[in-house]
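Report on one structure; see the data block that follows.
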Amino acid sequence: MTSTGRPALVEVTGVEKRFGTTRALRGVDLSIGAGQCLGLVGRNGAGKSTLVSILSGLSEPDAGTVRFDGAPAPRVGDIQRWREWIATVFQHSMIVPHLSVAENVFLGASPHGATPGLVSWAAMRRRTRDIMREWGFDIAPQTPCRELSVEQLQVVEIVRALARGARCVLLDEPTAALERQAVVRLFDRVRQLTEAGVAVLYISHHLEEVFEICQDVAVLRDGELVLAAPTASLGKDDLVAAMVGEVRTPAPPTSVAITEAGTPGTPHDTPSPGESATAASVSTSANTPPGDVVLAVDGLTSDSARGRLSGVSLRVRAGEVVGVTGLLSAGVATLARVVAGAEASTGGVVTLRGRRVPPGRRAAAQRAGIGYIPEDRRAEGFVAQLGVAENITMTITRQLADRLGVLRPRARAAAAAPLASALSLVSSGPGQPVGELSGGNQQKVTVARTLAHHPSLIVAITPTRGVDVASKELLLRSLADVAEESGAGVLLCTDELSDLVICDRVVVFVRGEVFTEFSRPPFDRDELIRATEGLTNPAEGANPAEEAAQ
Amino acid sequence: MISNQAPAATATAAPDGPAGAVVSRLRGMNVNVLREAALLPVLILLIIVGTVVSPAFLTVSNFAGIGQQSSALGVVVVGESLILLIGGMDLSLESTFGLAPMVAAWLIVPVAAYGNGADLSPYLGIVVLLAVGAAVGLVNGLLIVKGRLNGFIVTLGMTIVLAGLQNGIVKAQSLFNLPTAFGYLGAASIGQLPVSLIVAAVIFILTGLFLRYHAAGRAIYAVGGNPAAARAAGIKVERVKIGVYVVGSVLAAIGGLMEAGRVSAVTGQQGYGEGIIFSVFAAAVIGGVSLKGGRGNMVGAASGVILLGIVSDILDLAQVSNYWIEAIDGAVILFALFLARIVGGESTAEER
């Protein structure tokens, strides 16, 4: 891909990696030149994470080579030398919260003064300050990292990469936890890096981001590099086609299929997701006539660290999907967590079908009929070492157990199977630990766990975060279908505007208050963005929420 | 509802064919079997060593002896394993192991034998013993779960308080001449088989089945593996945790009853004075119960107990000098731990 005659800065040739029966990477060739920003896209499980781990020097390929500037890469595990070439900013922050910015920047490589072995704090702070200044960042080196925002933590990680003199920076899903303004600033930083001759490998699920800042893009599918081309020569559809393969229906293999080396691609005979979802949810309790208020929230207040709420009231009717969106600390996630009983409020009432839900008690809220898809699936969504079926049925153990509380693994697997297939969950079987699954499949487990107990209200927080395009559509569709078929209400709290397509109404929060409401789809993206920023909307005219507040 | 969905389950397995399902199942089983049998080579090695060391080793009476000596410890290990599984730890089990039988015996034996004069029937005494265990566990559980105090510190403090009570109520005397009914569990035998061994085995098996097949048992793994996820799935995390602390302490009290029967006395040294908590943790951890919670099972815990029992028996038979016995004991434990880790491996899935 490099047009110059020089060897590429990073060159990967014929890289193979197996995990048991799964071939995660099959002969991948990739090269990145100095000053180039290469986008790497692919669906969940396509091999992106494996490639990241090989490029970061954390795992060794079974075959193939990694070369830096024409010379063989350092030994795998020799992280210090590896970092001089490539530094990775991982999806999950690798920052020690109780240490200062400077200590985190020089983690494991503290500069020493005259005496080797003794840390020179002065040198560490000075060098951190210098790099910050050089690149136009302004975070004081002494600040403890626990006081920083997600965006600032990412800056610290980028500075760490630069401090080691890395000539290539690998950004793994860098925008997943950022709000829109922060994304714009990140892009400026990436351009700054490439202009200074640093190579950037940019991994993302958001194709529009790839088109915005990457000169070239590479697509992985089932461990193979299926496309590598300049972004200017491609359309968004071309990329999606390359990621999904020839079969355009977003129906990946069924739940218990093992990814065999011999069967790449997608089986053609799988039931369509819509059909299976119907089968899974026919028996739901649809005793609320459509249109009745399922959820009533009145005057909710909270001073949660995730975002304050100051007197929020809203309604969700049966069969209705209500979207709630806003900036990162606008209180959207707080509202969801309070309604789901995952955290207490300081005031206000949550009523489900006319009955008051006791605040701050998740188990009671679930018994009342509130399903909860938490924001951070790793933290709250599943138990990593337990099996797929056990995780999915965790919300319904009481129903599956007999009178003595005895629970048969087979009954668990049987109850989990229809949900797993409705969501096209890929695992090696009902007993496979969820920790071994890819991110998208883990999210499907979390969603299945919620659908399993037939809630009359589903509270979902950013249910599609870090999930590939096809799975995203499928997860959203399944929520919309449940609402339509079982009459459940859905409270979809998200900052991904593209999630809002399934909503009947969208409520926008600004600083813990209902700012405005969009009552008719389709929702205009620009208007939504204006509203989240707190700008009044000329198109909607009079604003009922604002009038009520005065 | 379940019966309706059963056919769908087979349908999802179908596209991959039965062969795939069988393969994946075998793979899963192999891993489990390997992990659970990780101590088997060590146990076989120890039995060979024992046979070489003394002709008295490979005899029914010797093994009955090992069983009787280990069963009290074993019951406490079951309790500690449950607490470790929910991601907690309880140092005070060793003091409960001494205090519960001491309180019971104190209420049973006459004043002349340093009792308090209540002259309780031995059966009521056993009820008191269980109640003492439950009370200690409840206090620990409430302090740790509701009071949000650190489990290590709470139970460390509790250990010392309980041991002090154990000596305080009887002015540091030992209580002998326990009624037969009170000592039955620890002293009696059916044929060559000690009753304590039978009871301990039943407790291990029932707990193992409970953990595998009971809704509450599965909740223990969920709570220990990821408390936040368990809470989000509607499991009453606090209730499960407190319940496990109570059960753990009750098991420690039962272990104490066995020990009192075996030595036909309750001494001030029983439990805390002997420092049995070290062996309890060693057995559980050697047996693969994770100190981080959510991982481990009763097969492992039982093999840990058996291993410790055989080691101390061999050291006895080899007439190792008392001065050296602890050093060798400790070294064997470290070695077993190391070997079990190599053979059993540790899945890195949770760290990724």
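The values are calculated or read from the model by the stated rules, or taken from the named source; none is laboratory data. Since we're looking at a predicted model, the values are computed, not measured. Reconstructed Cβ throughout: ideal geometry from the backbone, glycine too, with neighbour counts over all protein chains shown.
Can you tell me which residues in segment A:180-210 are at pLDDT 90 or above, in contact with a helix residue (DSSP H, G or I) (Cβ under 9 Å, 6 or more places away or on another chain) and surrounded by fewer than 18 Cβ atoms within 10 Å (Cβ to Cβ)?
Listed by number, the residues that qualify are A:Phe187, A:Arg191.
Quick check: anything in segment A:93-101 closer than 20 Å to A:Cys168 by Cα, surrounded by 15 or more Cβ atoms within 10 Å (Cβ to Cβ) and not acidic (Asp, Glu)?
yes
Considering only residues of segment B:222-241 that are in a helix (DSSP H, G or I) and of a type in the set (A, V, I, L, M), which is farthest from the other protein chains (Cβ to nearest Cβ)?
Per the criteria, the residue is B:Val240.
Going through segment B:193-221 one residue at a time, which ones are in contact (Cβ under 8 Å) with a residue 60 or more places away in the chain and at the interface with chain A (Cβ under 9 Å from one of its Cβ atoms)?
B:Arg212, B:Tyr221
State which residue pairs qualify: first residue over 15 Å from B:Ala282 (Cβ atoms) and inside segment B:73-85, second residue of a type in the set (Val, Ile, Thr) and at pLDDT below 95 in any location, beta carbons under 8 Å apart, and separation of 6 or more residues or different chains.
B:Leu85/B:Val289
Out of curiosity, is A:Ser498 buried (at least 23 other Cβ atoms within 10 Å of the Cβ), small (Gly, Ala, Ser) and over 28 Å from A:Gly348 (Cβ atoms)?
Judged against the criteria, A:Ser498 is not a match.
Just for segment A:407-422: of the residues that are buried (at least 21 other Cβ atoms within 10 Å of the Cβ) and more than 7 Å from chain B (Cβ to nearest Cβ), which one is farthest from A:Ser438 (Cα to Cα)?
Once the filter is applied, the top-ranked residue is A:Arg412.
A:Ala368 - would you say it is more than 8 Å from chain B (Cβ to nearest Cβ), buried (at least 24 other Cβ atoms within 10 Å of the Cβ) and at negative phi?
no
Could we say that B:Ile254 is of a type outside the set (Ser, Thr, Tyr), part of a helix (DSSP H, G or I), more than 14 Å from chain A (Cβ to nearest Cβ) and surrounded by fewer than 23 Cβ atoms within 10 Å (Cβ to Cβ) here?
The answer is no for B:Ile254.
Within segment A:426-453, which residues are assigned to a helix (DSSP H, G or I) and either small (Gly, Ala, Ser) or without any contact (Cβ under 8 Å) to a residue 60 or more places away in the chain (or both)?
A:Val434, A:Gly435, A:Glu436, A:Gly439, A:Gly440, A:Lys444, A:Ala448, A:Ala452
Here is a yes/no grid of residues against (1) closer than 20 Å to B:Gly225 by Cα; (2) more than 9 Å from chain B (Cβ to nearest Cβ); (3) of a type in the set (D, E, K, R); (4) in a loop (DSSP other than H, G, I, E, B):
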| site | (1), (2), (3), (4) |
| --- | --- |
| A:Ala379 | yes, no, no, no |
| A:Gln385 | yes, no, no, yes |
| A:Ser424 | no, yes, no, yes |
| A:Pro455 | no, yes, no, yes |
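Which one is surrounded by the most Cβ atoms within 10 Å (Cβ to Cβ), of the residues in segment B:265-292 that are hydroxyl-bearing (Ser, Thr, Tyr) and either within 11 Å of the chain's Cα centre (by Cα) or closer than 21 Å to B:Phe335 by Cβ (or both)?
B:Ser279
Quick check on this structure: which one of A:Arg43, A:Arg81 is assigned to a loop (DSSP other than H, G, I, E, B), touching a Pro at 6+ places or on another chain (Cβ under 9 Å) and of a type in the set (Lys, Arg)? Show your work before the answer.
Details: A:Arg81 fails: assigned to a loop (DSSP other than H, G, I, E, B).
Only one candidate passes the filter, namely A:Arg43.
Quick test of your reading of the structure: A:Thr351 fulfils all but one of (1) closer than 30 Å to A:Ser313 by Cα; (2) assigned to a helix (DSSP H, G or I). Name the failing condition by number.
Failing condition for A:Thr351: (2).
I'd like the full set of residues that are more than 25 Å from A:Leu457 (Cβ to Cβ), in contact (Cβ under 8 Å) with a residue 12 or more places away in the chain and at the interface with another protein chain (Cβ under 7 Å from one of its Cβ atoms), limited to segment A:387-406.
none
Considering only residues that are more than 14 Å from every other protein chain (Cβ to nearest Cβ) and in contact with a Cys (Cβ under 7 Å, 6 or more places away or on another chain), look in segment A:322-365 and name the one that is farthest from A:Glu151 (Cα to Cα).
My answer is A:Val322.
So for segment B:15-31 (the condition being at pLDDT 90 or above and within 14 Å of chain A (Cβ to nearest Cβ)), does at least one residue qualify?
As a first pass, look at segment B:15-31 and keep what is at pLDDT 90 or above: none.
Within segment B:15-31, not a single residue is at pLDDT 90 or above and within 14 Å of chain A (Cβ to nearest Cβ).
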